[in-house]
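Every number here is computed from the coordinates shown, using simple stated rules; none is lab data. Since the structure is predicted, the reported quantities are computational estimates derived from the model, not experimental observations.
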Amino acid sequence: MLLLDIGLWYNKTRMKFDKEKFKNAVLYLAKYGGKKVGKKKLAKLLYFVDFTLYELREKPLTGITYTKMYYGLMPEPNTFYSKLNELQAKGIIDIKHEIKIAYCEHLIIPKKDPEIDIFDDQEKEWLKKIAEQYYSKDAGELEKIMKSEPPYQMTEKDGELTPYHLAFYRNTFGEMNLENNANSHTFGVTR
């Protein structure tokens, strides 16, 4: 599909992965994103922050590449897991393994506070909004929400990279509504 090919080229040539913002977003979301934030929930929260900010200003928070998997979009697995392992090795986070009936949950435990000043005001605002909005949701609920969104639906195959420009099809802010709908599930923010 030509649209996705152009988008992937655009992502690779324009997006830069910001390790410091990634680290501090992990710390922030692990601390404020819920009582228990595992790797899967963290991946979903990062998606919502990155794609919402890209939709607003054509610049994500972390710049990490996202990949379609059968369980939703997630930061590219090799990068995501290696960066989490680096943070654990440096004593910035701990990863606690909790055995459940059918699986093992990998909880992210922040060992430091996030350096909040690394984020601009808009990034702080959206980290807070996303953390608050999804605080009580578990990873499975976030997966269902994400799978209903155009970036997931428009990426054809598992393992395929998802370009950030697909964020413009999300309609988070109601910009594509034909009339002002009081039942809209948008954040109600103007650009």
Fill in the blank from the handout: Relative contact order as a percentage, the stretch 2-168, C-alpha pairs under 8 Å and 6+ apart, gives 35 percent
Handout entry: Cut-off under 5 Å, modelled amide H: who pairs with M69 long-range
Key = M74, G159
